[in-house]
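Novice: Can you keep this structure in mind? I'll have questions shortly.
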Amino acid sequence: MVADGNHVEAVRELTDGSGAEVVLDFVGEGTVSDGVAMLAAGGSYYVVGYGDTLSVPTIQMVLTETSFIGNLAGSYIDLVELIALVAQGKVTSRNRIYPLGAVGLLHDVA
């Protein structure tokens, strides 16, 4: 599925309005709110990497019994499987390069 601005509605439509049981978000840069919006009650949202902020009211988490799981990079096997999906054309890899100075912690290191 292409993220074309209608992707949240498309997921809802594909799932007859219930939402996805699992959302896998690699890097999570500017995608977290859409990923949460796609999630079904009782579902799990996985983010691998970092790049955005998760902001979900606790009442929403409790009432929908959703789970949020984070992982910095995944395992080696996860990486191998992801690269295989890219090679098969099932996943599109989009990369962005940031200057080293953009890392907040490095500003304080002399």
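Novice: With the structure loaded, tell me whether THR53 is β-branched (Val, Ile, Thr) and more than 15 Å from the chain's Cα centre (by Cα) or whether it fails that test.
Specialist: Spelling it out, it is not the case that THR53 is β-branched (Val, Ile, Thr) and more than 15 Å from the chain's Cα centre (by Cα).
Novice: Among (1) part of a loop (DSSP other than H, G, I, E, B); (2) out of contact with any strand residue (DSSP E or B) (no Cβ under 7 Å at 6 or more places or on another chain), there is one condition ILE59 misses while meeting the rest; what is its number?
Specialist: (1)
Novice: So, one more: Test each condition in (1) surrounded by 13 or more Cβ atoms within 10 Å (Cβ to Cβ); (2) at pLDDT 90 or above; (3) farther than 22 Å from ARG12 by Cα for GLY49 and report the one that comes out false.
Specialist: Going through (1) surrounded by 13 or more Cβ atoms within 10 Å (Cβ to Cβ); (2) at pLDDT 90 or above; (3) farther than 22 Å from ARG12 by Cα one by one, GLY49 breaks only (2).
Novice: Let me ask another. What's the total number of residues in segment 52-73 that are at pLDDT below 90 and either surrounded by 16 or more Cβ atoms within 10 Å (Cβ to Cβ) or of a type in the set (Lys, Arg) (or both)?
Specialist: Residues in segment 52-73 being at pLDDT below 90 and either surrounded by 16 or more Cβ atoms within 10 Å (Cβ to Cβ) or of a type in the set (Lys, Arg) (or both): 1 in total.
Novice: Further question on the same structure: If you take the residues of segment 74-102 that are closer than 22 Å to TYR45 by Cα and among the charged types (D, E, K, R), which of them is modelled with the lowest pLDDT?
Specialist: Top of the filtered list is ARG94.
Novice: With (1) outside any loop (DSSP other than H, G, I, E, B); (2) surrounded by 13 or more Cβ atoms within 10 Å (Cβ to Cβ); (3) touching an Asp or Glu at 6+ places or on another chain (Cβ under 6 Å) as the list, and GLY42 as the residue in question, which single condition is left unmet?
Specialist: Tallying (1) outside any loop (DSSP other than H, G, I, E, B); (2) surrounded by 13 or more Cβ atoms within 10 Å (Cβ to Cβ); (3) touching an Asp or Glu at 6+ places or on another chain (Cβ under 6 Å), GLY42 fails exactly one: (2).
Novice: If you don't mind, another one. Would you please name the residue that is nearest to THR92 (Cα to Cα), looking only at residues in segment 1-33 that are part of a loop (DSSP other than H, G, I, E, B), of a type outside the set (Asp, Glu) and at pLDDT 85 or above?
Specialist: The residue in question is THR31.
The values are calculated or read from the model by the stated rules, or taken from the named source; none is laboratory data. Source: prediction; values computed, not measured. Methodologically, a virtual Cβ is constructed for each residue, glycine included, from the backbone with ideal geometry; neighbour enumeration extends over all protein chains shown.
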